[in-house]
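Since every read-out is calculated from the coordinates, none of them should be taken as a lab result. Since the structure is predicted, the reported quantities are computational estimates derived from the model, not experimental observations. Reconstructed Cβ throughout: ideal geometry from the backbone, glycine too, with neighbour counts over all protein chains shown.
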Amino acid sequence: MSLRRQLILDEFAARFGGRPSACVRAPGRVDLMGSHTDYNLGYVMTMTLDRDTWLALRPRADRVVSIQSLNLSGCSDFSLDDITHCEIAPWTEYARGMAWAMQEAGYVLAGFDGLVHSTIPFGSGLSSSAAVEMAVGLAFQIASGIRISPVELALLGQRAENKFVGLNCGILDQYSSALGEAGSALLLDCRDLTHTPAPIADGVAVVVCDTRAPRHLVGSEYDDRHAQCDEGVRLLSAAYPHVRALRDVTVEMLKSCEDALPPVVAKRCRFIVEEDDRVLALAPALTAGDRALLRDLYAASYAGARDLYEIGAPAMEAMMAAMLHAPGAIGARQAGAGFGGCMVALVEADAMEAFAKDVEARYAAATGIEPFVYPVRPSAGAGPVEL
Ligand code: ADP
Ligand code: MG
């Protein structure tokens, strides 16, 4: 038995007594292209990670959810009859939010004892929060004897995060965790809520490069960007009535109206419209392993994120320099919402170890921070796991 299984079984017995009756898992994700395009109903190239959140559970006879985490201390049980916010153990907000969203949608839920264990780093843009939401959503389905489609589960998770936790995120994180596919990236259409698999060429490795720099103002800056994009849609729809989201805008349309937009709004819109085009261009390049095109698309994405969408940070600049200089680097860009956190590189698979060592040394010398550099492989989307 793996160490992880043993740990979960031992801790479940110590905390709740006896054995869990089921276990579920939900992976984290990294975006290979498509920053902030999800809430603009555009495209994202997303990939699940071989890092995930497990939730071992056993249904209860009452309507209480008792959930604990091996990654964070603090627990607080909650009743499905009165789901309140929780200051003692803020991380349980994600479980409470999921219960709230599922009940609001009309599902009749039963309580459970649950123990969480995750290998996804928190708060660095790899969607550890969505993985908790998707795992909790699966746990409720087992405990309550109900079935919900993965797309609906993703939407319920987004609603939990938007309305209960209070982060105005798009669908990317929850969709990726719920519908990811082993062995492939996904080209996600955030309007249709559909995807097509985008296999990655043999010999191209995906490497997460975590700046481990504190992320500041992510929430408020995120809301500002969202509002600026909405403002762009409002102004652009005066000239083009069919525009409902930046997804509907082309580079030519934007150029014809740019003077009518406040300069900041014009910059934000340009980044999103161009980033959508880059996502579509990335799919064939990723599958063919077209090194030159991958490098150019990644360079343009990073430059746009820094100069137009202004989600950069000094630590990201230092990491970008380290990634591009390292042996085997094909392309490098931001990941997640920006403002620090993780970045992502495409690397020649046979140079992976040399790449990681070089990035670690160069970034640490430049910033005094030890980064966290590791390859990731796409794993299956959320589902049951044998304990
Ligand atoms: P990200 O989703 O990018 O990792 P967020 O700030 O959205 O960052 O979510 C991180 C939060 O999710 C953590 O601070 C914690 O509250 C919660 N969380 C994620 N995974 C776990 C876990 N295994 N145990 C407890 N809390 C978790
Ligand atoms: Mg999150």
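Computed over the chain, the quotient of the alpha carbon radius of gyration and 2.2 N^0.38 Å is 0.99. Each residue of the range 335-342 was assigned a 3J(HN,Hα) from its phi angle through the Karplus expression (A = 6.51, B = -1.76, C = 1.60, θ = phi - 60°), giving 9, x, 7, x, 6, x, x, 8 Hz with x at Gly and Pro.
In order along the range 63-75, the Karplus-derived 3J(HN,Hα) couplings, from 6.51 cos²θ - 1.76 cosθ + 1.60 at θ = phi - 60°, round to 9, 10, 10, 10, 10, 10, 10, 7, 9, 9, 7, x, 9 Hz, and Gly and Pro are given as x. The reciprocal of the average 1/r between distinct C-alpha atoms defines the Kirkwood hydrodynamic radius, which for the range 244-365 equals 15.5 Å. Panel values: the range 184-226, Kirkwood radius from alpha carbon pairs, Stokes-Einstein at 25 °C and 0.890 mPa s, translational diffusion coefficient 175 µm²/s.
Summarising the label geometry, the points placed 7 Å from Cα in the beta-carbon direction at R191 and E221 lie 2.9 nm from one another. Projecting the Cα atoms of V44, Y175, P314 onto the charge dipole of the chain, computed from C-beta unit charges around the Cα centre, puts Y175 farthest toward the positive end. Packing here is the average count of other Cβ atoms within 10 Å per residue, and on that basis the peptides 231-244, 301-314, highest first, run 301-314, 231-244. Think of each Lys and Arg Cβ as +1 and each Asp and Glu Cβ as -1; about the Cα centre, that makes the dipole of the range 181-228 roughly 160 debye. The peptide list 98-106, 183-191, put in order of mean Cβ contacts within 10 Å with the highest first, becomes 183-191, 98-106. Taking the Cα centre of the range 193-341 as origin and assigning +1 to Lys and Arg Cβ atoms and -1 to Asp and Glu Cβ atoms, the resulting dipole is close to 200 debye.
I need the Debye-formula profile for the range 135-250: one equal scatterer per C-alpha, no solvent, reported as log10 I(q)/I(0) at q = 0.13, 0.14, 0.15, 0.22 1/Å, two decimals. Those come out to -0.77, -0.88, -0.99, -1.26, one per q.
Subtracting the Cα-Cα distance of D350 and R147 from 0.36 nm times their residue separation leaves 68.8 nm of extension gain. Each Lys or Arg adds one and each Asp or Glu takes one away; over the other residues whose Cβ falls under 14 Å from the Cβ of K163, this sums to -2.
Compared with the direct C-alpha span, the chain from H242 to H85 gains 52.5 nm at full extension, assuming 0.36 nm per residue.
Computed over the alpha carbons of the range 290-353, Rg followed by Dmax gives 11.4, 35 Å. Rounding to the nearest 20 debye, state how big the charge dipole of the chain is about its Cα centre with +1 on each Lys and Arg Cβ and -1 on each Asp and Glu Cβ. Roughly 520 debye for the chain.
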